[in-house]
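Take a look at the structure below.
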Amino acid sequence: MKKFLFADLDDTLFQTFEKCAPRAHLEPAAYYKDGSICSYTTRAQRAFLGFVQDGMTVIPTTARDHDGLRRVHLPFDSYAIINYGGVVLEPGGVPDQPWLGEMRAAMHAALPGLEELARHIEAYAAATGFGGRARMIEDFDTPFFLVVKDPDKQHARLAPIEDEVVRPWIAAGNPGYVVHRNGNNLAILPKALDKANAVAHVTHRLRAEHGDIVTFGMGDSRSDARFMAACDYAIVPRATQLARLTVEAL
């Protein structure tokens, strides 16, 4: 029976230098657009990846866009799920067109709401002096979600934006959107955009190709829990947001 691991990338299979502990025996795993190193793997992460790839197929399941995935230098050769599930890449790297067509229609329907919320966030930034901005993440000619980061990586500065701008806007008649915040990343997504939906779609295709299979899900963030729950087994890295909410909270 074939085995497949749907794995988040950032803070799951690798992370930035600041988050690496211990900091010995690090190797580059992902790069910025200018070619400088963005993230590293630890020796334990490399050992884990080697372990699961010996008999298991790893499928990246990430918020990264297509360009961001290409700047990850790890060996993946099957499907890939990117843009929080907005795009499914075939094993050859081309988009699953029926899936992209469905998601494109849903995302364009959600776009006016995201644009309105972006204006509210920009107004808050202008009034308070917050240095970040609301950035629309687009890929394959499709707008997917908004992301806000603090330019100084002061994560606490995102809390007032979430509590005073984003959540009140959702509560005031915009229930079709959800908030994900983990570290210096505040993302606002249409509810139709969900890694769990994409994992279910790819799992269906894998079963059509291979018959009975076993699936594993692995992620670091609360937002990963839904797609992990759609798998037969879940793997949670230590010292992550999801670990603190689950196994470390016991």
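The values are calculated or read from the model by the stated rules, or taken from the named source; none is laboratory data. Just so you know, these numbers come straight off a predicted model, no measurement behind them. All Cβ positions, even for glycine, are placed from backbone atoms using ideal geometry, and neighbour counts span all protein chains on display.
Here are some notes:
- For residue 148: the one exception among (1) out of contact with any Lys or Arg (no Cβ under 8 Å at 6 or more places or on another chain); (2) surrounded by 16 or more Cβ atoms within 10 Å (Cβ to Cβ); (3) not assigned by TED's automatic domain parsing to the domain that holds residue 16: (1)
- Close pairs (6 angstrom Cβ cut-off, 6 or more residues apart or separate chains): assigned by TED's automatic domain parsing to the domain that holds residue 200 in the range 231-250, in a helix (DSSP H, G or I) and of a type in the set (Gly, Ala, Ser) anywhere: 236/243
- A single entry from 142, 128 fulfils the requirement of being more than 23 Å from the chain's Cα centre (by Cα) and either closer than 28 Å to residue 69 by Cβ or of a type in the set (Val, Ile, Thr) (or both): 128.
Matching residues to (1) under 30 Å from residue 41 (Cα atoms); (2) β-branched (Val, Ile, Thr):
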{"residue": "75", "(1), (2)": "yes, no"}
{"residue": "81", "(1), (2)": "yes, yes"}
{"residue": "132", "(1), (2)": "yes, no"}
{"residue": "143", "(1), (2)": "no, no"}
{"residue": "152", "(1), (2)": "yes, no"}
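- Considering only residues in the range 52-64 that are outside any loop (DSSP other than H, G, I, E, B) and not polar (S, T, N, Q), the one that is farthest from residue 223 (Cα to Cα) turns out to be 52.
- Helices (runs of 4 or more DSSP H) contained in the range 143-241 and holding at least 2 residues of a type in the set (Val, Ile, Thr) and at pLDDT 95 or above: 195-210
- Top-ranked residue in the range 48-104 [being polar (S, T, N, Q), in the same structural domain as residue 34 (by TED's automatic domain parsing) and surrounded by fewer than 17 Cβ atoms within 10 Å (Cβ to Cβ); ranked as farthest from the chain's Cα centre (by Cα)]: 53
- When 130, 140, 144 are screened for being out of contact with any Cys (no Cβ under 6 Å at 6 or more places or on another chain), among the aromatic types (Phe, Trp, Tyr) and more than 24 Å from residue 191 (Cβ to Cβ), only 130 passes.
- Scan of the range 118-130 for residues that are hydroxyl-bearing (Ser, Thr, Tyr) and loosely packed, with under 14 Cβ neighbours inside 10 Å, ordered by number: 128
- Cβ-Cβ under 9 Å pairs, at least 6 apart or on other chains, the range 204-221 side touching a residue at least 60 places away in the same chain (Cβ under 8 Å), far side exposed (fewer than 15 other Cβ atoms within 10 Å of the Cβ) and part of a helix (DSSP H, G or I): 213/207; 217/229; 220/243
- Count of residues meeting criterion [assigned to a loop (DSSP other than H, G, I, E, B) and hydrophobic (A, V, I, L, M, F, W, C)] in the range 2-51: 6
- Where a residue in the range 34-49 is closer than 14 Å to residue 15 by Cβ and its partner, wherever it lies, is among the polar types (S, T, N, Q) and surrounded by 12 or more Cβ atoms within 10 Å (Cβ to Cβ), with Cβ under 6 Å and at least six apart: 39/15; 39/16
- Given (1) at pLDDT 95 or above; (2) charged (D, E, K, R); (3) surrounded by 15 or more Cβ atoms within 10 Å (Cβ to Cβ), number of the condition residue 115 does not satisfy: (3)
- Between 125, 105, the distinction of being within 29 Å of residue 198 (Cβ to Cβ), out of contact with any Gly (no Cβ under 6 Å at 6 or more places or on another chain) and assigned to a helix (DSSP H, G or I) belongs to 105 only.
- Of the residues making up the range 128-139, just one is in contact with a Pro (Cβ under 6 Å, 6 or more places away or on another chain) and either closer than 20 Å to residue 83 by Cβ or outside any loop (DSSP other than H, G, I, E, B) (or both), namely 136.
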